[in-house]
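These notes are about the structure you will find just below.
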Amino acid sequence: MQKYGAEFIGTFWLVLGGCGSAVLAAAFPDVGIGLLGVSLAFGLTVLTMAFAIGHISGCHLNPAVSVGLWAGGRFPAKELPPYIVAQVLGGVAAGGVLYLIASGTAGFNLSAGFASNGYGVHSPGGYSLLSALVTEVVMTMMFLLVILGATDARAPKGFAPIAIGLCLTLIHLISIPVTNTSVNPARSTGVAVFVGDWAISQLWLFWMAPIIGAILGAIIYRFIGSEKN
């Protein structure tokens, strides 16, 4: 249960830190942190949690990462269901805390999106379903490549959290305008359940695409990273 508790807390921090920065601070009058700040916030949540709980649970914080690590031969299949449940519950708990905080101001409006992921009219830049699909698949694929490479036994020791955190920052810098950046079904679910309506109807994409991308990343790394090659 320690591992599952760690995944719950870690995913809670990722969603509260990342989505919280987007909802509360991104466009705050005169001192908003903007796209760069939100991107850094997501990266910093992973960086800090990797050091805090990496030795307990591996610090997946993401159902797609757990599936990708399984596909990469680094994680047992029997652990997938409890890890994914813990991650989703952590994300939803963070969404609830963020809702309680954000709704304390007169200007709060869930219809603004609440940091939900979307495509079409719900994409920050109005990007299509195809654009969103390609973005989420490719970004998650690259994320898994970095995770698997940085945590390889042959990689420099102790630097994996930095590489992984900076990779997630870069992913957000690229893809926030397209989908608001998911690459993480638990992150998407954690806020979508409070928005409901369109956020729930589009949530399928932010489960399917990251998982496909994670599996592709694992397959590619098993090829390029194999010692036999």
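The values are calculated or read from the model by the stated rules, or taken from the named source; none is laboratory data. Treat the numbers as computed from the prediction; the structure is a model and nothing was measured. Here Cβ is always computed from backbone atoms with ideal geometry, including for glycine, and neighbour counts include all displayed protein chains. Accessible surface areas use protein heavy atoms only, side chains included; no ligands, DNA or RNA. Shrake-Rupley method; radii C 1.70, N 1.55, O 1.52, S 1.80 Å.
Among all stretches of the chain without exposed trypsin sites (Lys or Arg not before Pro) (DSSP loop, at most 14 other Cβ atoms within 10 Å), which one is longest? Formally, the longest exposed-site-free interval is 1-153. For the stretch 162-221, which whole-number percentage of the solvent-accessible area (1.4 Å probe, protein heavy atoms only) is attributable to carbon and sulfur atoms? About 81 percent, which is the carbon plus sulfur part of the accessible surface.
Just flag the chymotrypsin sites (Phe, Trp or Tyr not before Pro) in the stretch 126-165 sitting in loop per DSSP whose Cβ has no more than 13 other Cβ atoms within 10 Å.
Values: sites: Tyr127, Phe143, Phe159; in loops: Tyr127, Phe159.
Here the chymotrypsin sites (Phe, Trp or Tyr not before Pro) that fit, given the DSSP loop and packing criteria, are Phe159.
Here the sum of -39500 (n - 2.57) over DSSP H runs of 4 or more residues, divided by the residues of the chain, equals -22500 deg cm²/dmol at 222 nm, to the nearest 500. Dimensions of the chain based on its C-alpha atoms, expressed as ranges along the principal axes with the largest first, amount to 59, 37, 33 Å.
Each listed q (0.12, 0.15, 0.27 Å⁻¹) maps to a log10 I(q)/I(0) for the stretch 37-94 from the Debye sum over equal C-alpha point scatterers, namely -0.30, -0.47, -1.19. Out of every Cα-Cα pair that the stretch 59-141 contains, those further apart than 20 angstrom amount to 55 percent.
Among the chymotrypsin sites (Phe, Trp or Tyr not before Pro) within the stretch 49-109, those in coil by DSSP and having at most 15 neighbouring Cβ atoms inside 10 Å are Phe108. Using a/c under 1.5 as the rounded threshold, could you call the stretch 101-183 rounded, prolate or oblate? The axes a ≥ b ≥ c are square roots of the C-alpha gyration tensor eigenvalues, and prolate needs a/b larger than b/c, oblate otherwise. Note, shape of the stretch 101-183 comes out oblate. Within the listed set Ala102, Ala132, Ala153, the residue fluctuating most in the Gaussian network model of the chain (springs between alpha-carbon atoms under 10 angstrom) is Ala153. Span-like helix criteria (full DSSP H runs; alpha carbon extent of at least 24 Å along the helix axis; mean Kyte-Doolittle hydropathy of at least 1.6) are satisfied in the chain by 34-57, 80-102, 129-150, 160-179, 205-224.
When you filter the chymotrypsin sites (Phe, Trp or Tyr not before Pro) in the stretch 177-229 for DSSP loop state and at most 13 other Cβ atoms inside 10 Å of their Cβ, you are left with Trp204.
Kirkwood Rh, Cα Rg: Rg to Rh for the stretch 1-54?
Details: Rg = 12.7 Å, Rh = 11.6 Å.
Rounded to two decimals, Rg/Rh equals 1.09.
The residues of the chain expose on average 45 square angstrom of accessible surface per residue, using a 1.4 Å probe on protein heavy atoms. Just checking the listed ones, Thr105, Thr140, Thr45: in the Gaussian network model of the chain with Cα springs under 10 Å, the one fluctuating most is Thr105. Under the definition of Cα pairs under 8 Å and six or more residues apart, what whole-number percent is the relative contact order of the stretch 106-218? Normalised by residue count, the contact order of the stretch 106-218 is 43 percent.
Within the accessible area of the stretch 1-141, the carbon and sulfur atoms contribute 71%, probe 1.4 Å, all protein chains present. With the convex hull drawn over the C-alpha atoms of the stretch 153-229, the volume per residue is 108 Å³.
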